[in-house]
1. Please give the solvent-accessible surface of Leu11 in Å², to the nearest 10, using a probe radius of 1.4 Å with every protein chain present.
2. Once phi is turned into ³J(HN,Hα) by the Karplus curve 6.51 cos²θ - 1.76 cosθ + 1.60 with θ = phi - 60°, what whole-Hz value does each residue of the stretch 55-64 show in order, with x for glycine and proline?
3. Collect residues whose amide H, placed 1.01 Å from N in the peptide plane, falls under 5 Å from the amide H of Val48; neighbours closer than 5 in sequence don't count.
4. Relative contact order of the stretch 5-115: what whole-number percent is it, with Cα pairs under 8 angstrom and at least 6 residues apart?
5. Just the accessible area for Arg19, please: 1.4 Å probe, Å², rounded to the nearest 10?
6. Could you pull the accessible area for Lys64 with a 1.4 Å probe, rounded to 10 Å²?
7. Which ³J(HN,Hα) values in Hz, rounded to whole numbers, follow from the phi angles of the stretch 7-15 under the Karplus curve 6.51 cos²θ - 1.76 cosθ + 1.60, where θ = phi - 60° and Gly and Pro get x?
8. What does the accessible area per residue of the chain come to in Å², with a 1.4 Å probe and no ligands, DNA or RNA counted?
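The values are calculated or read from the model by the stated rules, or taken from the named source; none is laboratory data. Owing to the predicted nature of the structure, the values given are computational and were not obtained by experimental measurement. When we count neighbours, we look across all protein chains shown, and the Cβ atoms used for this are built from the backbone with ideal geometry, even at glycine. Ligands, DNA and RNA are excluded from the accessible area calculation, which covers all protein heavy atoms including side chains. Shrake-Rupley method; radii C 1.70, N 1.55, O 1.52, S 1.80 Å.
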Amino acid sequence: QVQLVESGGGLVQPGGSLRLSCAASGGMFSSYVMGWYRQAPGKQRELVASITSGGTTNYADSVKGRFTISRDNAKNTVYLQMNSLKPEDTAVYYCNARVAFYSYWGQGTQVTVAS
């Protein structure tokens, strides 16, 4: 069983930055495809960014050039660096781990972008 714990959310002004972290326990972290998703009120959960075990990254068009996903396999942790934040980035951000037919979710962390 894989457990994921997110941290780093909070309130930030437009144009500001935050870094989210997701610490994983259980299983073999280095083999997982890790992803960050978000869900805004009244909207469906959407993929923000993902990173494969080999380091290949993928981003939603809305965050390209502003967000960076990375992983530290020695620390079993995946990060999401978010720069130039906009009010429309406000959402609960969830960490996801995928391996074979299994998918695991963290509890989510709130990110609010407002002045």
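1. 130 Å²
2. Ordered by residue, 3J(HN,Hα) equals x, 6, 10, 9, 10, 5, 4, 5, 10, 4 Hz.
3. Under 5 Å from the amide H of Val48 lie the amide H atoms of Trp36, Tyr37, Arg38, each far enough along the sequence or on another chain.
4. On the way: 254 pairs, mean separation 40.7, N = 111.
The normalised contact order for the stretch 5-115 reaches 37 percent.
5. Solvent-accessible area, nearest 10 Å²: 130 Å².
6. 120 Å²
7. With coefficients 6.51, -1.76 and 1.60, one gets 7, x, x, x, 9, 9, 6, x, x Hz.
8. Details: 6090 Å² over 115 residues.
Solvent-accessible surface per residue comes out at 53 Å².
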